[in-house]
Amino acid sequence: MGIHDKRKLGAAEIAAEIRREIMQGNRQNNERLPPERKLSEAFGVARGTIREALNQLEYSGFVEIRPGSGTYVVYEAAASDLSVITTANPLELMDARFALEPHLCRLAVLNGRRNDFQLLETLCLKMEKSALDPAQFAEADTEFHRALSRCTGNSLLVWMLDQITSVRSHDDWTRMRHLTLNPKIIATYNMQHSRILDALKAREPERAATIMKEHLETARLSMTRAAET
């Protein structure tokens, strides 16, 4: 595993790093990952955080947790997939999200269940409590959008968003996050997330899709301005 700064990583960030290792070929299909204890020591976090990261990776099809045996890589990327993922930049990520996430909102209205929306609400509250902690906000933000994809009930769309989101673990994305995430933009994002959730709960697919477009446009504009500085 890589070397980390003094700030403890969250489960989503650890999952993203392990996912990146798998997709870059540093972890092979059928390879057993180190046990939770060793991963906990390597990342400097509690074992519960490691367990949550591994659960996220299992849900997205990268690993399989075998009770009594360990956690094994079950993902094997084609060379072309690897090239696209490793060379994508943050603005390409935003373009891909524009193409996908508004429609995820429509499907979430149709297929989302009460407990799905409760999870989204929990993540909204977590983001609101992270107004002064960009790293914690970014982790909850990533999980909000992943949870939204799971509301669709479409495993292919969940996988597609997960591939797009994996770009967030790249160095370019990390630098961009440091440049763009400040209390003002976090407050704007929190308001937009809340409005998206309200539209989902009201079962208004087009309103949810429109607010998602506004949200992504805000993020893209913020990135564009940061890139010009």
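A few points about this structure:
- One residue stands out in the stretch 96-145 among those that are basic (Lys, Arg) and assigned to a helix (DSSP H, G or I): the one that is farthest from ASN182 (Cα to Cα), namely ARG114.
- The residues on offer are ALA131, ALA147, and the sole one that is surrounded by 14 or more Cβ atoms within 10 Å (Cβ to Cβ), over 26 Å from ARG20 (Cβ atoms) and modelled with pLDDT under 95 is ALA131.
- Answer from ALA46, ALA42 - the residue that is outside the structural domain of ALA138 (by TED's automatic domain parsing), among the aliphatic types (A, V, I, L, M), under 22 Å from MET127 (Cβ atoms) and at pLDDT 90 or above: ALA46
- Matching option when the condition is part of a helix (DSSP H, G or I) and modelled with pLDDT under 85, among ALA187, ALA227: ALA227
- Screening the stretch 14-32 for residues that are surrounded by 20 or more Cβ atoms within 10 Å (Cβ to Cβ) and touching a Phe, Trp or Tyr at 6+ places or on another chain (Cβ under 6 Å) and picking the one that is nearest to THR49 (Cα to Cα) gives ILE14.
- Qualifying residue in the stretch 88-102 (condition: at pLDDT below 70, of a type in the set (S, T, N, Q), under 17 Å from the mean Cα position of the chain (by Cα) and more than 18 Å from ARG150 (Cβ to Cβ)): no
- Taken as a whole, the structure leaves ARG207 outside the set of residues that are modelled with pLDDT under 95 and not polar (S, T, N, Q).
The values are calculated or read from the model by the stated rules, or taken from the named source; none is laboratory data. Quantities reported herein were computed from a predicted structural model and do not represent experimental measurements. Cβ atoms come from the backbone with ideal geometry, glycine included; neighbour counts cover every protein chain shown.
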